[in-house]
1. Using 0.36 nm per residue of separation minus the Cα-Cα distance, give me the extension gain between residue 49 and residue 159 in nm, one decimal.
2. Rounded to whole Å and sorted largest first, list the principal axis extents of the Cα atoms in the range 15-118.
3. Residue 273 to residue 246: FRET efficiency via 1/(1 + (r/R0)^6), r the Cβ-Cβ distance, R0 25 Å, to the nearest 0.05?
4. For the chain, what is the calculated [θ] at 222 nm in deg cm²/dmol (nearest 500), taking -39500 (n - 2.57) for each run of four or more DSSP H residues and dividing by its residue count?
5. Mean separation of Cα pairs under 8 Å and 6+ residues apart, divided by the residue count of the range 158-295: what relative contact order is that in percent?
6. Give me the mean projected area, in nm² to one decimal, of the convex hull enclosing the Cα positions of the range 105-193.
7. Most exposed first by the Cβ proxy, i.e. fewest other Cβ within 10 Å, how do 201, 264, 273 rank?
8. Of 168, 25, 222, which has the largest mean-square fluctuation in a 10 Å C-alpha GNM of the chain?
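We did not get these values from a lab; they are worked out from the coordinates using the rules stated. Not measured: the values here are computed from a predicted model. Ideal geometry is used to build each Cβ from the backbone, glycine not excepted, and the neighbour counts take in all protein chains shown.
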């Protein structure tokens, strides 16, 4: 029996939600219309390990696809029980960039009734910027927003509510690890090569904007950056919702991470076991990008998911029903 189909267009409803299907989890986050993202009416996460499901050709294997189907089905059941059918089912780069992405989307649609949707890397960058802007407010001044995901890195900047600059680079922590740091304890030459490549790509993309962006406040919006900030000494709690991460912290920790196998990295503060294997790659990319952007960032707890939710909420309140967010 086919499960209830979610609408990916906003309708008149008491709540809106986003199902974010990524490499490590599928997270359903629902907020009431007129409510606050700080007080969601529903938050549910199903663990995924799509990094383990990819084969050498970049295809998601049968077990990985099964886990996606199960996670989407479970989230649909939870949303239906709560009477929420205005949910945007977002698949991130882990699925979007897979060699069999079309097959995965079709299988999920056929078995759950939900058609996963993709956003471009540029659009994801714009949404991360919106999330950071709403978190810090207009008084924060010009922002340069950095989001290091698994497959891609999103860069966005602006002075107002919307980003005036948005780009996506295939430099995510997982992708960089798969491409450059294949061994558990990679050679120094490979680490240096990754750093050089990341620096070159960032400077090519930013080009003439680099001097201007160095004067902006740099914000980091991703789990990768939150974990690196924790590793560098930031402590969780009410006073550390927006910890800082400095390039010197990364330059101290990269040589230490480089000589540790993933099992040992998982014992470090802030480094989760599921992400330990890509911690070094994420740190190297972050160090290169901070070198270009001015040397430090402040971590924002909101990112693409929250930016998409804010967009959905804005459009239901300001433009009425049946407005596409894509």
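1. On the way: separation 110, 0.36 × 110 = 39.60 nm, distance 3.71 nm.
Roughly 35.9 nm would be gained on extension.
2. In descending order, the Cα extents are 45, 25, 19 Å.
3. Values: r = 26 Å, r/R0 = 1.03.
Plugging the Cβ-Cβ distance into 1/(1 + (r/R0)^6) gives 0.45.
4. On the way: 13 runs with 142 residues, N = 326.
The per-residue figure over the chain is -13000 deg cm²/dmol.
5. Numbers: 138 pairs, mean separation 51.3, N = 138.
Contact order relative to length: 37 percent.
6. Numbers: hull surface 34.3 nm².
The number I arrive at for the range 105-193 is 8.6 nm².
7. Numbers: 201 19, 264 15, 273 11.
The order, fewest Cβ neighbours first, is 273, 264, 201.
8. Answer for the Gaussian network model of the chain: 25.
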